[in-house]
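K.L.:
Below are the structure tokens for one structure; questions will follow.
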Amino acid sequence: MRICLFDGPNRTDLLPLVFTRPVADLLLGGMTLAKRWEVALNATAVVETEPYLQSDMPEFDVAVLAGCLPSPQLLIAVQALDNGQKLVSGNELIAFKGAPSSKSDEINSYEEVLFSDSLTIIRYPWDLFVHNAHVICDDVVFFEHTHTNSIDTSNHQFGMHPVLVGKNVTAKAVVFNTTDGPIIIDHGATIMEGSLLRGPLYIGKDSLIKMGTKIYGGTSLGHSSKVGGELNNVIFIGNSNKSHDGFLGNAVVGEWCNLGAATDASNLKNDYGEIRAWNYTEQKFIKTGLQFCGPIIGDHSKTAIQTALNTATVIGVGCNIFSTGFPRTFIPSFSRGGAQGIIENRLDSVLETARVVMSRRGQDIDARIINVLSDVFNATKLFRA
């Protein structure tokens with residue numbers, strides 16, 4: 001079975017995270033949204049996204065809105081669809097069967113099947129960390145039969161939930177607190193001595209947790225992440241660094257980012273009020289409904305040492321943030337500077353930095369990545385004007 005995960009008409013609400021990837025490639029819990037559907041349906045996932053992010057439209061059996069989490073009720077409803085039917089919730093298209101694309105006009109005449117059960121949709125970037133803790137708990141069933149290794153006796157573990165350990169994991173003199181949820185350690189991860197870890201927590205493949213790191217629940221570290229300092233309810237999509245002291249909470253960090261030593265980010269307003277964050281669809285700051293919200297950081301962005309970020313700062317793709325004081329809370333893609341002012345970060349400079357950074361992890365910056373970053377650079381000029 002081939003399932004197509006389509007971005008849907010509201011994908012711009014998830015920018016800047018989806019400037020460089022389909023919605024289906026966002027990390028939640030211990031896997032991407034696409035992998036979650038593959039495991040749930042024993043299927044192969046393909047995507048329908050923006051033209052600059054895919055070369056062609058693949059064939060598929062059934063299509064589902066990529067931001068939807070596969071609850072048992074939704075899985076039953078999707079598998080029950082016949083050709084010429086569409087699953088809707090309110091006025092929103094959730095799934096369909098028969099049409100070659102979510103943009104096909106023929107879907108308008110499809111028979112409607114109403115989905116009336118509860119539905120969780122990742123609509124905004126902050127929805128990722130809001131739902132992350134309980135999703136990690138749910139993910140135990142996907143890992144408990146494959147991640148069965150023991151931790152070294154120098155570690156201390158307490159709590160009713162498990163520590164699930166993959167292959168080739170190194171962890172010594174670490175405290176694992178699973179009172180509130182499980183800790184899942186994927187293959188090849190390294191946890192250095194003195195780290196204090198609380199579940200629910202997912203540590204991705206080949207990730208590195210530095211000495212003395214403090215990580216609170218609701219955190220997911222994508223593959224090849226390197227972290228230190230203090231983290232609380234944070235998602236690193238992968239291949240990014242926060243290797244030194246500094247606080248980061250209620251945040252999402254894209255790929256190939258680096259947060260310099262002593263970078264600190266606020267996740268709570270001084271008056272404890274509701275937080276607003278920049279939204280690309282409305283092109284203004286909107287209410288998040290949250291009291292806690294830290295930064296949302298697009299791919300290939302960097303902060304200098306001792307950078308201070310205000311509550312819910314939204315940083316685009318390819319940014320270089322430095323200087324003392326708080327920069328503004330919306331920083332357009334390919335920006336350079338800080339509190340004293342922002343100028344354009346040249347595309348060739350970002351590409352050269354990306355080449356160096358990616359080569360450190362044994363990866364090349366190929367034509368596809370160059371084209372994607374070039375397209376994002378051109379598409380975001382309006383915001384830098």
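K.L.:
Which one is surrounded by the fewest Cβ atoms within 10 Å (Cβ to Cβ) among residues in region 264-310 that are over 29 Å from GLU352 (Cβ atoms), within 19 Å of the chain's Cα centre (by Cα) and among the hydrophobic types (A, V, I, L, M, F, W, C)?
P.N.:
LEU290
K.L.:
Hey, can you tell me all the residues within region 196-206 that are touching a residue at least 24 places away in the same chain (Cβ under 8 Å) and buried (at least 22 other Cβ atoms within 10 Å of the Cβ)?
P.N.:
Result: GLY199, PRO200, LEU201, TYR202, GLY204.
K.L.:
Could you say which residue among ALA34, ALA66, ALA24, ALA43 is touching a residue at least 12 places away in the same chain (Cβ under 8 Å) and over 25 Å from LEU221 (Cβ atoms)?
P.N.:
Values: ALA34 fails: over 25 Å from LEU221 (Cβ atoms); ALA66 fails: over 25 Å from LEU221 (Cβ atoms); ALA24 fails: over 25 Å from LEU221 (Cβ atoms).
Just a single option satisfies the conditions, and that option is ALA43.
K.L.:
In this structure, is ARG361 part of a loop (DSSP other than H, G, I, E, B) and surrounded by fewer than 17 Cβ atoms within 10 Å (Cβ to Cβ)? Please lay out each step first, then the result.
P.N.:
Numbers: part of a loop (DSSP other than H, G, I, E, B): yes; surrounded by fewer than 17 Cβ atoms within 10 Å (Cβ to Cβ): yes.
So ARG361 passes the test.
K.L.:
Tell me which residues, restricted to region 292-330, are touching a residue at least 24 places away in the same chain (Cβ under 8 Å), hydroxyl-bearing (Ser, Thr, Tyr) and more than 18 Å from ARG384 (Cα to Cα).
P.N.:
Result: THR303, THR307, THR311.
K.L.:
Could we say that VAL88 is touching a Phe, Trp or Tyr at 6+ places or on another chain (Cβ under 9 Å) and crowded, with 18+ Cβ neighbours inside 10 Å here? Break it down stepwise before answering.
P.N.:
Values: touching a Phe, Trp or Tyr at 6+ places or on another chain (Cβ under 9 Å): yes; crowded, with 18+ Cβ neighbours inside 10 Å: no.
Considered against the rule, which asks whether it is touching a Phe, Trp or Tyr at 6+ places or on another chain (Cβ under 9 Å) and crowded, with 18+ Cβ neighbours inside 10 Å, VAL88 comes out as no.
K.L.:
Listed residues VAL18, VAL47; which is closer than 24 Å to ASN371 by Cβ and in a loop (DSSP other than H, G, I, E, B)?
P.N.:
Details: VAL47 fails: in a loop (DSSP other than H, G, I, E, B).
It is VAL18.
K.L.:
Within the bounds of region 172-183, is there any residue that is small (Gly, Ala, Ser) and either in contact with a helix residue (DSSP H, G or I) (Cβ under 7 Å, 6 or more places away or on another chain) or in contact (Cβ under 8 Å) with a residue 40 or more places away in the chain (or both)?
P.N.:
Yes, the conditions are met somewhere in region 172-183.
K.L.:
Quickly run through region 371-385 and pick out the residues that are in contact (Cβ under 8 Å) with a residue 40 or more places away in the chain and either out of contact with any helix residue (DSSP H, G or I) (no Cβ under 9 Å at 6 or more places or on another chain) or not assigned by TED's automatic domain parsing to the domain that holds PHE285 (or both).
P.N.:
THR380, PHE383, ARG384
The values are calculated or read from the model by the stated rules, or taken from the named source; none is laboratory data. Fair warning: this is a prediction, and the values are worked out from it, not measured in the lab. Heads up, the Cβs are rebuilt from the backbone with ideal geometry, glycines too, and the neighbour counts pull from every protein chain shown.
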